[in-house]
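Notes follow once the structure below has been shown.
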Amino acid sequence: MKKLVREITAYRYGELEEYAREKARENYLAEEHLPEFFSDDLTAELQEQYGLNHLKTYYSLSYCQGDGLCLYGRINHSELFGNGKFKKVAFEGIHYRQIQSVYDVLQGIDFEHCNRYFNAKTVCIDSHFYDDATDRQVEIIERIAANVQSWYFSFCREWEKRGYDYFYKISDEEMREICEINDYFFAKGGQSINMDEYSESAV
């Protein structure tokens with residue numbers, strides 16, 4: 001039987017060469033900035049800031065053709081008319097009496113993904129209303145839908161930028177602070193070291 005012991009040198013982030021620090025940042029982003037966390041943050045903002053609970057996201061952020069971010073799902077009747085957080089978006093520039101006139105007609109607004117890509121333009125946004133709506137009511141509904149669509153494109157642009165930052169950007173200063181707080185160590189090439197797998201040498 002042979003007992004083998006492997007010895008390596010562990011470096012703090014600030015002790016690494018620049019190329020190794022860059023590798024450490026890339027590895028950190030890949031391991032810690034996971035897609036599910038980003039999606040959770042996006043849906044949490046939809047819920048907390050706008051009171052929308054039935055929209056989710058598709059995205060592809062790989063710096064390729066067709067990349068981007070979109071939303072799919074529905075804004076239902078109560079989220080339009082009984083939601084103070086989203087009212088000012090949906091009903092901007094629309095008089096109170098006009099809003100009341102479509103209350104019993106407009107059922108909701110659907111966001112249907114209808115393309116193989118995932119950018120904002122790959123979603124069809126359709127308002128659903130009862131067939132007996134008058135021409136005047138339809139006109140008001142179209143204005144509401146236009147407000148929602150304008151908000152949608154703005155939201156997607158903002159979160160697309162956030163996504164690229166989230167998945168690909170972390171400053172040297174931010175990484176240094178994270179490593180100091182968490183007491184991270186690295187191999188010479190920037191690969192992270194699980195310190196639980198080693199015992200520190202007395203030398």
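The values are calculated or read from the model by the stated rules, or taken from the named source; none is laboratory data. Quick caveat: nothing in here was measured; it's all calculated off a predicted structure. When we count neighbours, we look across all protein chains shown, and the Cβ atoms used for this are built from the backbone with ideal geometry, even at glycine. In case anyone asks, the SASA skips ligands and DNA or RNA and just uses the protein heavy atoms, side chains included. Shrake-Rupley method; radii C 1.70, N 1.55, O 1.52, S 1.80 Å.
Taking trypsin sites (Lys or Arg not before Pro) in DSSP loop states with no more than 16 other Cβ atoms inside 10 Å as exposed sites, the chain has its longest site-free stretch at 13-115. A cut-off of 5 Å between modelled amide H atoms, ignoring neighbours fewer than 5 places along the same chain, links PHE129 with GLN107. 3J(HN,Hα) along the range 6-16, derived from phi through the Karplus expression 6.51 cos²θ - 1.76 cosθ + 1.60 where θ = phi - 60°, amounts to 9, 10, 10, 9, 9, 10, 6, 3, x, 8, 7 Hz, with x in place of Gly and Pro. Centre-to-centre, using Cα atoms only, the range 27-68 and the range 1-25 are separated by 32 Å.
In a DSSP loop and with at most 14 other Cβ atoms within 10 Å, the chymotrypsin sites (Phe, Trp or Tyr not before Pro) in the range 108-203 are TYR130, TYR198.
To the nearest 20 debye, what charge dipole does the range 130-203 have about its Cα centre, counting +1 at the Cβ of each Lys and Arg and -1 at the Cβ of each Asp and Glu?
Dipole magnitude for the range 130-203 comes out near 280 debye.
When only alpha carbons of the range 137-203 are considered, Rg and Dmax amount to 23.9, 82 Å.
Nonpolar atom fraction for the chain, defined as the carbon and sulfur part of the 1.4 Å probe accessible area, stands at 47 percent. Annotation: MET195 carries an accessible surface of approximately 80 Å², with a 1.4 Å probe and no ligand, DNA or RNA atoms counted.
Among the GluC sites (Glu not before Pro) within the range 103-203, those in coil by DSSP and having at most 14 neighbouring Cβ atoms inside 10 Å are GLU200.
To the nearest 10, the accessible area of THR134 is 70 Å² with a 1.4 Å probe. Would you please state the base-10 log of I(q)/I(0) at q = 0.08, 0.13 1/Å for the chain, with intensities from the Debye formula using one equal scatterer on every alpha carbon? Results for the chain at q = 0.08, 0.13 Å⁻¹ read -0.45, -0.80.
Summing +1 for each Lys or Arg and -1 for each Asp or Glu among the other residues whose beta-carbon sits under 11 angstrom from that of ARG162 gives -2.
The charge dipole of the chain, taken about its Cα centre with unit charges on the Cβ atoms of Lys, Arg (+1), Asp and Glu (-1) only, comes to about 260 debye.
Between the range 132-203 and the range 71-105, the alpha-carbon centres lie 29 Å apart.
With the helix formula -39500 (n - 2.57) applied to DSSP H stretches of n ≥ 4, the chain reaches a computed 222 nm mean residue ellipticity of -15000 deg cm²/dmol.
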